[in-house]
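I have placed the structure first, in the form of structure tokens, so that the comments after it can refer back to it.
The values are calculated or read from the model by the stated rules, or taken from the named source; none is laboratory data. The structure displayed is predicted, hence computed values, not measured ones. Here Cβ is always computed from backbone atoms with ideal geometry, including for glycine, and neighbour counts include all displayed protein chains. In case anyone asks, the SASA skips ligands and DNA or RNA and just uses the protein heavy atoms, side chains included. Shrake-Rupley method; radii C 1.70, N 1.55, O 1.52, S 1.80 Å.
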Amino acid sequence: YETIQKIIKSEPSPSLDDLTLFAESALRTDRADMAVSIAQNILKQSPHHAKALVLLGESFWQKGETVKAIQHMEAVVESIPEEADTWMTLASIWQENGQSERALDVLQKGAVAVPNHPGLLRDLGKLLMEKQSPSDAITYLQKAYEIHNQDPEGNFNLARASYQLGRYEQAWSLLTPYLDHFEQDASIAKLLGHVMLAMDKDQEAKPILLFA
């Protein structure tokens, strides 16, 4: 935070990119009031600046102004529906507020507005998995994987959905990269072990399940 603050102060007219970085840094270091001020400054210069609009909503949320954050983000998704981060942020605020159905509705609408954003698709798939709907989740998780297959959490959730739907070979292919370091994560060890059991690899599964 201090470093970017020095850069901002040294420039007579900071770029919007630098101001955005400054706002994000303020937010991530629990300076929500400062983040609000910076984001509002950016929006005076560029009213539809997507990142600043998202940061403003996140800052309201961090300050505990939940209603204000939700109202703000709902207005944002209406004005710039093509920006996936706006849908994801609104859904996250709803979910953290214990409103998972609202979050699901937002993400489903977002997936229609921005159909090929892997992060949004992964969030939707993850939430559907949390709601015990692997058959719905796998559609979005698979599509996200086809667009970008280097997201560990997304790949894990796709493997989990595949396992629950009896697609053991697909689950196995997604989990094989974890064979060298499954000890570091009990949830991965558990899923890997159960997939191996389902594939009749009982002897190989036993030592892995010790870490689950």
*Work out from phi, with θ = phi - 60° and the Karplus expression 6.51 cos²θ - 1.76 cosθ + 1.60, the ³J(HN,Hα) of each residue of segment 23-36, listed in order in whole Hz, and give x for Gly and Pro.*
4, 5, 5, 4, 5, 5, 10, 6, 10, 4, 4, 5, 4, 4
*With a probe of 1.4 Å, find how much accessible area segment 2-61 has per residue, and write the answer as a whole number in Å².*
54
*Filtered trypsin sites (Lys or Arg not before Pro), segment 13-109: DSSP coil and at most 15 other beta carbons within 10 Å*: LYS63
*Relative contact order of the chain: what whole-number percent is it, with Cα pairs under 8 angstrom and at least 6 residues apart?*
9
*With an 8 Å cut-off on Cα pairs and a minimum separation of 6 or more residues, tell me the relative contact order of segment 106-212 in percent.*
17
*Measure up LYS68/LYS109; LYS68/LYS143; LYS109/LYS190; LYS131/LYS190; LYS63/LYS126; LYS9/LYS51 against 23 Å on the Cα-Cα distance and list the ones that go over.*
LYS68/LYS143; LYS109/LYS190; LYS63/LYS126
*Using a probe of 1.4 angstrom, how much of the accessible area of segment 32-124 is carbon and sulfur, in percent?*
48
*Would you calculate a helix-derived [θ] at 222 nm for the chain, using -39,500 (n - 2.57) for each DSSP H run of n ≥ 4 and dividing by the full residue count, to the nearest 500?*
-23500 deg cm²/dmol
_I need the phi-derived Karplus couplings for segment 95-110: 6.51 cos²θ - 1.76 cosθ + 1.60, θ = phi - 60°, integer Hz, Gly and Pro marked x._
5, 5, 8, x, 10, 5, 5, 5, 4, 4, 4, 4, 5, 5, 5, x
*Using a Förster distance of 30 angstrom, determine the FRET efficiency expected from the C-beta separation of ALA212 and GLU146, and round it to 0.05.*
0.55
_GNM result for the chain, Cα springs below 10 Å: residue of GLU96, GLU58, GLU11 fluctuating most strongly_ = GLU11
